Structure formats: structure tokens, C-alpha cells
Amino acid sequence: MKFAEFHVGQLIEAGPHQVTEEEVLSFARSWDPQWFHTDPAAAGEGPFQGLIASGWHTCAIAMRLIAQAALAGSESFASPGLKYVKWPKPVRPGDALSLVAEVVAVRTSRSGKALGILDWRWQLFNQNGVVVLDLEATSLFKLPG
């Protein structure tokens, strides 16, 4: 989507993405090697009573979904950061995750630079409609001019 196509209140939906045990293990072994992400037997005896995905893995899934649904072919080039990120419930192998992104604000830079600024809230839901990720991101778009 082009920056001009975004408007406040707009909802963008994407997914589902089916989470596999191998995906959870592979991500965790490379990037978040904590036992409850990497050892199914130990995780089964832990506080989550089973293997769970890293929160950072969950964020990566959301990023892929939004990139495919809204950012591919856009003028998006960077993000200065997140306002917040929350993982209210764990993601487990077998979950089917769907993204709903709501546009919160759309504006252009006051600096005189040809820059579009998009604030949006991303929520990932599992197959039961339970929120597993909630974040607010800012994305920057290079505009003509």
C-alpha cells in the first residue's frame, strides 16, 4: 500500500500463519535460547505446561504478516520504534495467528522533509480469538518531493 492509502481507523487484516513446533524451536535456538522455548520436555513441566514461542518470534510473525499485507510495494523505509509491546498470552505450536492492524494516526513531517508518518496498533490473535501480541508501532514513508 502507498502512504496515501492509509487513513485513521482503517483496519488491515492478514493471516493466518500456522505456528509449528519446528519453527518455535528453530527461532528460539537461534535467538532466544531459554528452556521454555527450546526444550519441550522441560517446558511441559514448567509454568506454561508446554512449549511456547518467544515473544520476539511472535513479533517477527506479525512483521511478516504486515509486510506482506500492507508494506510490500510501499514507500516504507524505517521505523523509529514502538510505543509499547505486550504479550498477554503465550503462543504455542499449532496456533494459527491472524493480524489486525488499526491505523491510529497519519501525518506528514513538519520538518519540511517529504516524510510520511504512520502510527498503527498491531494485534495478533490465535485461532480462539485470544490476543497474543499487542503493540503500537510508528512507520516512516519516503514521499515524493
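The set of residues in the stretch 1-21 that are outside any loop (DSSP other than H, G, I, E, B), touching a residue at least 12 places away in the same chain (Cβ under 8 Å) and charged (D, E, K, R) comprises GLU13, GLU21. Report yes if PHE27 is surrounded by 12 or more Cβ atoms within 10 Å (Cβ to Cβ) and either among the basic types (Lys, Arg) or farther than 20 Å from LYS89 by Cα (or both), otherwise no. No: the conditions fail for PHE27.
Note on the stretch 3-46: among residues that are out of contact with any Leu (no Cβ under 8 Å at 6 or more places or on another chain) and small (Gly, Ala, Ser), the one that is nearest to ALA70 (Cα to Cα) is ALA4.
Any chance the stretch 50-69 includes a residue that's more than 21 Å from ASN126 (Cβ to Cβ) and not in a helix (DSSP H, G or I)? No, there is no match, as no residue in the stretch 50-69 is more than 21 Å from ASN126 (Cβ to Cβ) and not in a helix (DSSP H, G or I). Whether any residue in the stretch 133-142 is out of contact with any Asp or Glu (no Cβ under 7 Å at 6 or more places or on another chain), among the acidic types (Asp, Glu), at pLDDT 95 or above and buried (at least 18 other Cβ atoms within 10 Å of the Cβ) is what I want to check. No: zero hits. Examine the stretch 124-136 for a residue that is farther than 30 Å from LEU51 by Cβ and not acidic (Asp, Glu), and state whether such a residue exists. For the stretch 124-136, residues farther than 30 Å from LEU51 by Cβ and not acidic (Asp, Glu): absent.
The values are calculated or read from the model by the stated rules, or taken from the named source; none is laboratory data. Note that the structure is predicted; figures quoted are calculated from it, not measured. With ideal geometry, Cβ positions are generated from the backbone for all residues, glycine too; neighbour counts draw on all protein chains shown.
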